[in-house]
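The values are calculated or read from the model by the stated rules, or taken from the named source; none is laboratory data. Everything numeric here is computed off the predicted structure, so don't read it as measured data. Note: ideal-geometry Cβ built from the backbone for every residue, glycine included; neighbour counts use all protein chains shown. Quick note on the areas: whole protein, heavy atoms, side chains included, nothing else; ligands and nucleic acids left out. Shrake-Rupley method; radii C 1.70, N 1.55, O 1.52, S 1.80 Å.
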Amino acid sequence: MMNKCWLTLLCFIGLVLSPVAFGWNDSDKDGVPDIKDACPHTAMGVLVDASGCDKSRLFKPICLITSDDKVYPETCIQATELALNFEFAKTEVLYSQWQVLAQIKQFLQLNDVKLCLIGHTDSVGSVEANLLLSEARAKTVMGILVDDYGFDPERFIVRGVGTRSPIGTNNTPVGRALNRRVNFVVEVSH
């Protein structure tokens with residue numbers, strides 16, 4: 001009788017404490033639960049960081065466009081495509097985008113430069129609302145870099161350009177999603 005009770009209790013505890021019950025699925029089997037996995041499709045056997053992203057990816061050199069259309073640092077041949085993307089009408093940085101912030105953090109630690117954070121929107125909404133939204137996105141990114149990563153606010157310039165510089169068509173959901181972003185440009189003083 002006692003064994004049956006223990007078995008029932010263990011089964012109950014196993015069900016209640018199962019990873020599935022807590023949403024701890026790990027689809028790519030990298031050891032990071034899907035709910036916290038910024039890189040949900042990591043290949044098997046790849047060493048990942050706490051966000052589930054390939055550790056080696058963070059250590060690749062980052063090259064950014066400068067305000068005079070060159071590439072920085074000078075040892076770079078071409079710029080790294082690096083943008084933070086946002087949900088429709090939102091300014092919050094998605095967890096999946098924190099890997100981009102980690103790359104920017106690394107770049108700023110290695111390079112004593114001033115960055116221009118340029119916020120963009122898709123074409124949905126008024127011109128005025130989109131200008132405000134794009135600037136708010138850039139300010140949110142600056143807030144993270146200053147408050148969470150400890151960088152001096154003097155290292156950043158914030159600009160919102162609204163819908164003026166789309167990189168995708170605003171006629172499709174995919175194109176609009178590409179346009180909702182913050183870009184990073186190294187500010188060069190003349």
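Exceedance of the 21 Å cut-off in Cα-Cα distance is limited, within the set LYS105/LYS139; LYS36/LYS60; LYS70/LYS114, to LYS36/LYS60. Taking Cα centre as origin and charging only the Cβ of basic (Lys, Arg, +1) and acidic (Asp, Glu, -1) residues, the dipole magnitude of the range 33-104 rounds to 160 debye.
For TRP98, the solvent-accessible surface computed with a 1.4 Å probe is close to 80 Å², ligands and nucleic acids excluded. Extension gain for ASP112 to ARG164 (0.36 nm times residue separation, less C-alpha to C-alpha distance): 15.8 nm. Accessible surface of the range 61-190, 1.4 Å probe: 53 percent of it comes from carbon and sulfur atoms. Listed by chain and number, the aspartates and glutamates whose alpha-carbon sits under 16 Å from that of LYS90, ignoring those within fewer than 8 places in the same chain, are ASP122, GLU128, GLU135. With a ≥ b ≥ c the root eigenvalues of the C-alpha gyration tensor of the range 23-127, is it rounded (a/c under 1.5), prolate (a/b larger than b/c) or oblate? Oblate, because a/c is 1.5 or more while a/b does not exceed b/c.
Taking label positions 7 Å along the Cα-Cβ direction at both THR80 and LEU47, the computed distance is 1.9 nm, reported to one decimal. Per-residue packing, averaged as other Cβ atoms within 10 Å, sorts the ranges 65-73, 175-183, 126-134 into the order 175-183, 126-134, 65-73, beginning with the highest.
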